[in-house]
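Data block below; observations after.
Taken together, the values in this text are just the output of simple stated rules run on the coordinates, not laboratory data. None of these values were measured; they are calculated from a predicted model. Heads up, the Cβs are rebuilt from the backbone with ideal geometry, glycines too, and the neighbour counts pull from every protein chain shown.
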Amino acid sequence: MKPLVGIIMGSQSDWETLKPAADMLQRLGIPFEMRVISAHRTPDLLFEYAGSARARGLEVIIAGAGGAAHLPGMAAAKTSLPVLGVPVQSKMLSGIDSLLSIVQMPAGIPVGTLAIGQAGATNAALLAASILSNHSPAILKVLEDFRTEQTARVLAQPEPGNPVTSAV
Ligand code: RP5
């Protein structure tokens with residue numbers, strides 16, 4: 001199946017953070033592709049990738065990067081597809097640098113910015129599914145099934161301090 005979502009990351013070292021996005025898309029049955037593309041180290045590749053993304057059939061791009069995290073913003077500059085930015089938790093500044101680099105886009109070129117780290121990656125995949133569900137009843141169904149199961153799982157958990165009974 002042709003990929004609908006492109007996951008790009010600035011470095012191999014970002015993979016641990018972005019893996020939950022791939023896992024979630026896989027779980028939801030949404031076809032995706034993954035590439036390591038750096039705004040700083042491979043800028044021409046980034047321009048080619050983002051510039052051709054819509055024509056190749058992608059509908060959403062998830063871009064994860066850390067530090068001076070220009071990848072999501074520069075990808076968004078080269079495509080009108082929705083770009084979802086995942087700030088990677090950097091060693092020096094714990095990802096605050098990544099978050100601010102991604103979230104503080106000037107007006108005119110938006111990047112939908114998620115939480116720092118793996119939670120952000122998971123939610124980027126869910127948000128991609130939500131965007132795709134606007135025109136795909138099949139993706140809408142798997143997304144709503146996921147949320148129903150998640151709710152049921154939480155409600156089935158025992159109350160804290162009482163492992164035997166659960167709330168009615
Ligand atoms: C960024 O620099 C990458 O997104 C990564 O988070 C960070 C460090 O990259 P490496 O030096 O580990 O390759 O461009």
*Scanning the stretch 26-40 for residues that are within 16 Å of the ligand (Cβ to nearest atom) and of a type in the set (A, V, I, L, M), which turns out nearest to V5 (Cα to Cα)?*
M34
*Exactly one condition in (1) closer than 20 Å to D14 by Cβ; (2) of a type in the set (D, E, K, R); (3) in contact with a Pro (Cβ under 9 Å, 6 or more places away or on another chain) is not met by R41; state its number.*
(3)
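Let's see how each residue does on (1) in a helix (DSSP H, G or I); (2) surrounded by fewer than 14 Cβ atoms within 10 Å (Cβ to Cβ):
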{"position": "I131", "(1), (2)": "yes, no"}
{"position": "N134", "(1), (2)": "no, yes"}
{"position": "K141", "(1), (2)": "yes, yes"}
{"position": "R153", "(1), (2)": "yes, yes"}
{"position": "Q157", "(1), (2)": "no, yes"}
*Does L71 qualify as being of a type outside the set (S, T, Y), within 16 Å of the ligand (Cβ to nearest atom), closer than 15 Å to G120 by Cβ and touching a residue at least 40 places away in the same chain (Cβ under 8 Å)?*
yes
_Condition met for L126 (surrounded by 13 or more Cβ atoms within 10 Å (Cβ to Cβ), touching a Gly at 6+ places or on another chain (Cβ under 6 Å) and not basic (K, R))_ = no
*Hey, L100 hits all of (1) within 16 Å of the ligand (Cβ to nearest atom); (2) in contact (Cβ under 8 Å) with a residue 24 or more places away in the chain; (3) in a helix (DSSP H, G or I) but one; which does it fall short on?*
(2)
_I'd like the full set of residues that are without any contact (Cβ under 8 Å) to a residue 24 or more places away in the chain and either at positive phi or among the small types (G, A, S) (or both), limited to the stretch 103-118._
A107, G108
*Look at the stretch 74-97 and say how many of its residues are more than 13 Å from the ligand (Cβ to nearest atom) and over 28 Å from S133 (Cβ atoms).*
1
_Members of the stretch 83-97 found to be in contact (Cβ under 8 Å) with a residue 40 or more places away in the chain, of a type outside the set (S, T, N, Q) and either out of contact with any Leu (no Cβ under 7 Å at 6 or more places or on another chain) or not in a strand (DSSP E or B) (or both), listed by number_ = V88
